[in-house]
Each structure stands twice: as C-alpha cells, then as structure tokens.
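Worksheet: one structure, shown below.
FYI, it's all coordinate maths here, none of it is from the lab. Source: prediction; values computed, not measured. Every residue, glycine as well, gets a Cβ built from its backbone with ideal geometry; the counts of neighbours run over all protein chains shown.
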Amino acid sequence: MLPPLLKGHIEVASAAILFGTIGIFVSLVSQMPIGSIIFYRLLFGITAIAIFFACCGKLGELRLKENKRHIFLLGILQAGTMLSYFISVKYTTVAISVLLLYTAPIYVTLLAPLLLKEPVTRRSLSALVLSLSGVILIIHPGAVFQDMGSMYVIGLLCGLISGLLYACMILTSRYLKGYYTGTAQAAWAIIITLVIFLPYSTAISFGVLLDNLYLLILLGLLPTAASLTLYFSGLAYVRAQNASIIALLEPASAMVLAFIILSQPITSSVLVGGGLILVGALVVSGARAAGAAHK
C-alpha cells in the first residue's frame, strides 16, 4: 500500500497527463463536427462516471440543493470552454491550444478582485506580466495578420476564449465549493453540456460514428471519466495549491504527446511563450499556497 500523500500526488499527476491527451484524440477523430465529438465524449464519460458512483454508493452526492443557477452556469461555461478549445485544436496545434487554455490564471487574476473580492498582490501582477508576454510570443501578432490564414486566426482567438471561459469556470467552482463537492460539480457540468450538444448526436452518419467509435470511447473513458475520478480522489490527500502546480503536467504532456504522436512541431517561440505562461501559472499557484499558509 502506498502512503496516502504519495498516492494522492500520483493520482493528480496521472489525471493531469490524461487531461493532456484530449487534444490528441480530437485531432485523430475524422469527419465529425466538433459538437458531435463533444457529445459522444461526454456520453461515454458520464456513463462510466455514473457506473462508478453507483458502485461506490455516492449517487447521493449528485442531489441538487442550493445555487442551481450557478450549477447551470457551470455547465454552460464548460460547454463554451470545450467548444472553443476543440476549435483551437482543429485550426492551430495541440501545443498552442493547450497553452492558450492555460491563460486562465491571467483572467482569474483580473476577475477575482471584482467577483470574489480577492486582493491583487505584486506576485499576481508579476505572474500576469509573465503570462501575457508568453501569449504575445505564441500568437506572434505580426505574423498572424500577415502570413497566417483566417482559420488559423480563428483558432488563436478560440484558444484565448477557452482560457477566459476556463477562468470563469474556476471562479464559479470556487463559489460553489461550499455547496457541492468537486465530483458533483463535474458530473452536473457534464450532464448540462451533454444536453446542450444533444442535437449533434444525429449530425453524423452511423458509418462515421462507427469509424471513430474506439477513439470516442477512449476520449470518454481516459481524459474524461478516469481523469476526473483520479483528480478528485487525489484531492482528498493533496492540498489544492499543490494540485494546481501538479496540473501543469497537462500542457507539458500535451505538447510532448502531440510532437510524438501527431508530429506537430514545437517552435522556439511556442516553447519560450509556453514556458512564460506556465511560470506565470506556477507563480499564481505559489501565491495562493503562501496565502493559505498565513491563514
């Protein structure tokens, strides 16, 4: 038996690496609209999660109580995050998409004082400058508007939007933490997103669905059901601040896997810009850890 603390760290790290495979699966699925990919990913994911909850006798956690509107908002934000992130993956690269998704700490730093009345510290502002510098390096504005196609620009914009919506999800989840467990929030967000994308369930032929079925099942099981289960299981033993630092394995693993599996190149500007974004996220996580230590 592993010590609980080590077990928790391994579970959170495994979850982060599994989350990093999302862009790989999205890139490998062919001839399917993004809405259909999202629907079937969540369908297989929520089925596996429901079976797990039933076997563990945790279905009672899913009972809706207070703040139903914020739960509904969480689902809408997740739907928007997934849609914009998947579009970014389709039209740019996995590395660029996942790094732009991780601009979320920038938006959290900007929005938290307004929405959660959290103070802005010098450390947070330093992280903001680092992350913004990284975004500029990755997007490379001069090249975008001179040499890149319109779909690539749309992919970059969607990547930035995914980071903003992801930040709003984080803030909404923080607000709900006193009312619902993390697993309950995740399950309801999936259910609501599934309903939103229900029309896409019939947007493809049976043949196309069959051709991509194994990828969709893996997408639903690995970076959805298994990763969420491992992440929230690990959080029982790992401090949230430490978990947010370990979560940086997601973009790092996504970049490496995209290079190995999809042969997507990692340019020096993306590497340096991504490093600045991740250092910014690390600084923000460290600031939260320091703040928690003083309480």
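Modelled spin-label separation between residue 51 and residue 28, with each label point placed 7 Å from Cα along the Cα-to-Cβ direction: 2.0 nm. Subtracting the Cα-Cα distance of residue 115 and residue 271 from their residue separation scaled by 0.36 nm leaves 52.9 nm. Largest mean-square fluctuation among 168, 55, 158, in a Gaussian network model of the chain whose springs join Cα atoms under 10 Å apart, belongs to 55.
What would the Debye equation give as log₁₀ I(q)/I(0) for region 4-284 at q = 0.10, 0.15, 0.16 Å⁻¹, counting only Cα atoms as equal point scatterers? Log10 of I(q)/I(0), two decimals: -0.51, -1.22, -1.39.
Please work out the FRET efficiency for the pair residue 2 and residue 282, using the Cβ-Cβ distance as r and a Förster radius of 30 Å; give the result to the nearest 0.05.
So the FRET efficiency works out to roughly 0.70.
Helical runs (DSSP H, four residues minimum) scored at -39500 (n - 2.57) apiece and divided by the length of the chain put the mean residue ellipticity at 222 nm at -25000 deg cm²/dmol. Computed over the chain with a Gaussian network model linking Cα atoms closer than 10 Å, the most mobile of 127, 15, 184 is 184. Its relative contact order, with pairs defined as Cα atoms under 8 Å and 6+ residues apart, puts the chain at 44 percent. Placing a label point 7 Å from the Cα of residue 58 along the Cα-to-Cβ direction, the residues of region 218-251 with a backbone N closer than 13 Å are 225-237. Among 51, 22, 246, the residue with the largest mean-square fluctuation in a Gaussian network model of the chain, with springs joining Cα atoms closer than 10 Å, is 51. In the chain, which helices (entire DSSP H runs) extend 30 Å or more along their own long axis, judged by Cα positions, while averaging at least -0.5 on the Kyte-Doolittle scale? Helix filter hits for the chain: 34-56, 68-91, 150-176, 268-293. Length gained on full extension, residue 10 to residue 263, computed as 0.36 nm times the residue gap minus the Cα-Cα distance: 88.3 nm.
Work out, step by step, the length gained on full extension between residue 205 and residue 179: first 0.36 nm times the residue separation, then minus their alpha carbon distance; give nm to one decimal.
Going from the current span to full extension adds 5.2 nm.
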